[in-house]
Structures are given as structure tokens and as C-alpha cells.
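Worksheet: the structure to be examined is printed underneath.
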Amino acid sequence: MRRPRRKAEETREDILATAETLFRERGIAKCSIADVAHALQMSPANVFKHFHSKAALADAICDRHISRMIGRFGTLDEPAPAPERLAIVVRRLMEAHLQDIRENPFLFEMIFLMSEADLPSGRHYKALIEDLFFDLIRQGVESGAYKCAEPHAVSRHVAAAFASVLHPVILAKSDEAELYDRCEGLARLVNAALQNPLVK
């Protein structure tokens, strides 16, 4: 009896979940598309139909993880004033990355291996971070705590300013105590700039 045909999205999700498990267990360098296909009892060609390369598969896993992680910070339900909220959100985001370094090293192996490539997950992460800062700045402007005429443009600069405590590759190579000190110092600098903009 033939198995019923599955929807492409269901097959894609099965591939992602299986590949993530295998990458976690073996590491991305020691796992091939053929290994993923074998675990799913399908042909490698079927996997390639959904992901044209191992890099594309790893990129999709990273993107899914990034979306879940940033989603936890999207509510911005901190009752604190905008300057405190900015510092809290950045610190928590940094801590989420540090937790991943400890608990999900396979993700960072993928990020290291693909850090030089301009992949969709990297661009998506950048956009999500900028959107997060835009929301924080917009709320600060609405409350009167921040003075900012161009929140969209400024959010890009703020995201760049915090890169040294939010970029996974930098985090993996840094001392945690130094990171916390850096994060606090950057939050003070950014808040000072948002509360007291330079006169043009």
C-alpha cells in the first residue's frame, strides 16, 4: 500500500527537525545531506529538492532559531522607563546568545562556518534586531524620554553600536564578565545619545 503524499511544507519541516537533531549530535561538519536523507528514509534528491545545499539547510535552521529567540523579546512588556528598558532588553538578548553558546554549540559551529557568507538568516537577524530597537526607540520618543527625529535611521545605528555584545561570533570569543561591563557601558552611551541628541 502506497503512503499518502505529504505536503511540501510538512516534508520541509521534517527535514529541518531531523537535520537539527543530527547537527546537534554530530556537528555540521560530520553530517551530510545523505545522513539526513537516510534518517528520514528518503532519497538525498528529495532533500535537495527542498534545500539545494547543506549551507542552505543550515541557514534555514539558523533562521528558525533566530526567529524564535527574537520573538521572545517582541512583547517589550517591561514596565520600566525607556532607558532602563533598552538596557534590560539588550542584556537579556546577550544572555540568550550566551546560553545558546553553552547549550547549543552546534548552532555556533554553523554560524562560524557560514559567517563570511551573505546568507538570508544573517540578513533576517539584522532586520529583526533593527526592528526591535526601532520599537524601543519609538516607545521612548512617545513617552518623552528620547529625542529622536528619525527613529528608523537611528535604530540601524543603535543596532550597530550593540554588535559587540550581540554578534554571536564576537560573543563566543569574549570573556563573560567583560561582556556584561561592555553591555552596561554601551547602554549608558546609547541612552545618553538618545536623551541628549547633538545639536546640528
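The values are calculated or read from the model by the stated rules, or taken from the named source; none is laboratory data. What you see is a predicted model, and the numbers here were worked out from it, not measured in a lab. A quick note on method: Cβ atoms are made from the backbone with ideal geometry, for glycine too, and the neighbour counts reach across all protein chains shown.
Just one residue in the set Pro197, Pro151 is in contact (Cβ under 8 Å) with a residue 12 or more places away in the chain and within 23 Å of Tyr125 (Cβ to Cβ); that residue is Pro151. Evaluation of Val154 against the conditions (1) more than 21 Å from Arg85 (Cβ to Cβ); (2) aliphatic (A, V, I, L, M); (3) touching a Cys at 6+ places or on another chain (Cβ under 8 Å) shows that the sole unmet condition is (1). Restricting attention to the range 150-173, the residues being outside any helix (DSSP H, G or I) and either touching a Lys or Arg at 6+ places or on another chain (Cβ under 6 Å) or surrounded by 15 or more Cβ atoms within 10 Å (Cβ to Cβ) (or both) number 2.
The single residue among Arg138, Arg92, Arg123, Arg102 that is among the basic types (Lys, Arg), out of contact with any Ser or Thr (no Cβ under 9 Å at 6 or more places or on another chain) and touching a residue at least 12 places away in the same chain (Cβ under 8 Å) turns out to be Arg92. From the residues in the range 11-39 that are among the aliphatic types (A, V, I, L, M) and more than 21 Å from Leu107 (Cβ to Cβ), which one is surrounded by the most Cβ atoms within 10 Å (Cβ to Cβ)? If we take residues in the range 11-39 being among the aliphatic types (A, V, I, L, M) and more than 21 Å from Leu107 (Cβ to Cβ), then Ala37 is surrounded by the most Cβ atoms within 10 Å (Cβ to Cβ). Taken together, the residues in the range 166-200 that are charged (D, E, K, R) and within 16 Å of Ala96 (Cβ to Cβ) amount to 1.
The set of residues from the range 49-99 being buried (at least 16 other Cβ atoms within 10 Å of the Cβ), at pLDDT 85 or above and assigned to a loop (DSSP other than H, G, I, E, B) comprises just one member, Phe51. Just to be sure, is Lys147 surrounded by fewer than 16 Cβ atoms within 10 Å (Cβ to Cβ) and under 16 Å from Ala82 (Cα atoms)? For Lys147, the condition - surrounded by fewer than 16 Cβ atoms within 10 Å (Cβ to Cβ) and under 16 Å from Ala82 (Cα atoms) - is met.
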